[in-house]
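One structure below.
The values are calculated or read from the model by the stated rules, or taken from the named source; none is laboratory data. Since the structure is predicted, the reported quantities are computational estimates derived from the model, not experimental observations. A quick note on method: Cβ atoms are made from the backbone with ideal geometry, for glycine too, and the neighbour counts reach across all protein chains shown.
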């Protein structure tokens, strides 16, 4: 297993470590609920160094990124971030990702940890442009500071005023380290993601300074389990659960990032046909008043008929109710539709609701 630069810190803190996407990662430190609520109510910190960073450069950099992603890269300006996805020719999803425009000839693509090798291979196979691809995933550490007090915590570590709008980024010096600071995150809260290079000593020094700065806010380290429950409360898709090569962006509720009328991109013709023909199923948000725990793979039924399945599920630490994402046949996808979870061969009443589960 690969180790992030923060690995020894996690172990000193007594984190429960697991294998995830080829890395040894902390799944939790104290309790999932405590870590989750720290992010919702104050500030929490995640090591997400397992994520992938691919840099694209050259005179055709923008053309290349435009060709392999579904969103419209031409709308980006330097310092702007865009949520997007890459699709196969049949419309299935290769991965979802963030696109950072560093300059007209320089982009950063941030991809999912479990997909790094697959994505990089696919990118190279589709590089018919004068664009250079550089996989620097092993060189970068990624540190996420998330929560209502994230800005107050981070601001203590730099003389420059941090004035980033949502989905914008800037190069900054934080605690003596030059890095990319991005106003992004996977929690739905005010937050920042810090991309930097350096050895274990550099990483540990940054970790300690961030925790000193956040001490007055009762800052907490948070693991992958809290990261998952936080993203699910907001209805954010997780690759491998809610989206994969068997799903397309239109049925996954990602039509808002899929610009079918832009210049040519991989999967465009298939997605145009899917839109014309109409989607057959839809990813929906579901909750229940029952005391149950919906899990990935459980069936969903209506009038005794199986109409879909759960892709992600948990009990929300904020609402204390079961919440889930799942695909259902399109005719049953309207908000307010009463459906059932099938749990241990029993039908449990549930209802399709509007996202997010936790209103911000």
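A count restricted to segment 17-45 and to residues that are without any contact (Cβ under 8 Å) to a residue 40 or more places away in the chain and out of contact with any strand residue (DSSP E or B) (no Cβ under 8 Å at 6 or more places or on another chain) stands at 1. Restricting attention to segment 109-136, the residues being under 17 Å from residue 4 (Cβ atoms) and crowded, with 21+ Cβ neighbours inside 10 Å number 3.
State whether one or more residues within segment 272-282 are assigned to a strand (DSSP E or B) and either surrounded by 15 or more Cβ atoms within 10 Å (Cβ to Cβ) or modelled with pLDDT of 95 or more (or both).
Filtering segment 272-282 for residues assigned to a strand (DSSP E or B) gives 281-282.
Those still in the list that are either surrounded by 15 or more Cβ atoms within 10 Å (Cβ to Cβ) or modelled with pLDDT of 95 or more (or both) too: 281-282.
Within segment 272-282, one or more residues are assigned to a strand (DSSP E or B) and either surrounded by 15 or more Cβ atoms within 10 Å (Cβ to Cβ) or modelled with pLDDT of 95 or more (or both).
Just so you know, in segment 251-265 the residues that are surrounded by fewer than 21 Cβ atoms within 10 Å (Cβ to Cβ) and part of a loop (DSSP other than H, G, I, E, B) include one that is nearest to the chain's Cα centre (by Cα), and it is 253.
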